[in-house]
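The values are calculated or read from the model by the stated rules, or taken from the named source; none is laboratory data. All values reported here derive from a predicted model rather than from experimental measurement. Neighbour counts are summed over all protein chains in view; Cβ atoms, including those assigned to glycine, are modelled from backbone coordinates with ideal geometry. Quick note on the areas: whole protein, heavy atoms, side chains included, nothing else; ligands and nucleic acids left out. Shrake-Rupley method; radii C 1.70, N 1.55, O 1.52, S 1.80 Å.
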Amino acid sequence: MPSTIIFEAIKSASYGTTEDSQLVWADRALVALLVPAGMRWYLQMGLGPCDREGLLFDTLEAARDWVQSCLDGGAIRTAN
């Protein structure tokens, strides 16, 4: 079953400045932090079933597809 994947625009600290970044939420659980890398998105950190780093995505839609593929392999259980 497809998960509800939401991107939240934030500012993240970056060596004396801030940069536009994206938190990635899946079914209300934080699963990734994406930071800009030129015209692409860099996976700074993944959590849970998305526990990876260093991947590059051309678009946020490509990142969404990758997150969904991670979730298809390992469901997220949220505490109440």
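Residues in region 24-43 that are out of contact with any helix residue (DSSP H, G or I) (no Cβ under 9 Å at 6 or more places or on another chain) and either aromatic (Phe, Trp, Tyr) or under 21 Å from GLY73 (Cβ atoms) (or both): 4 in all. The one condition from (1) open to solvent by less than 40 Å² (accessible area, probe 1.4 Å); (2) free of Cβ contacts under 8 Å to residues at least 40 places away in the same chain that THR59 does not meet is (1). Each residue in region 1-24 was checked for being at pLDDT 95 or above and open to solvent by less than 50 Å² (accessible area, probe 1.4 Å), and 7 pass.
What number of residues in region 1-32 are charged (D, E, K, R) and in contact with an Asp or Glu (Cβ under 9 Å, 6 or more places away or on another chain)?
Taking region 1-32 as the starting set, the residues that turn out to be charged (D, E, K, R) are 8, 11, 19-20, 27-28.
Subset that is in contact with an Asp or Glu (Cβ under 9 Å, 6 or more places away or on another chain): 11.
Matching residues across region 1-32 total 1.
Yes or no: ASP27 open to solvent by 80 Å² or more (accessible area, probe 1.4 Å), of a type outside the set (S, T, N, Q) and either more than 16 Å from LEU71 (Cα to Cα) or more than 9 Å from the chain's Cα centre (by Cα) (or both)?
no
Does region 33-48 contain any residue that is out of contact with any Asp or Glu (no Cβ under 7 Å at 6 or more places or on another chain) and of a type in the set (D, E, K, R)? Working first, answer last.
Taking region 33-48 first, the residues out of contact with any Asp or Glu (no Cβ under 7 Å at 6 or more places or on another chain) are 33-34, 37-39, 41-42, 47-48.
Among the residues that remain, those that are also of a type in the set (D, E, K, R) are: none.
No, region 33-48 has no match at all.
Counting only strands (runs of 3 or more DSSP E) wholly contained in the chain, the ones carrying 2 or more residues that are among the acidic types (Asp, Glu) and out of contact with any Leu (no Cβ under 7 Å at 6 or more places or on another chain) occupy 17-26. For ARG40, the criteria (1) at pLDDT below 95; (2) surrounded by 12 or more Cβ atoms within 10 Å (Cβ to Cβ) hold in every case but one, which is (1).
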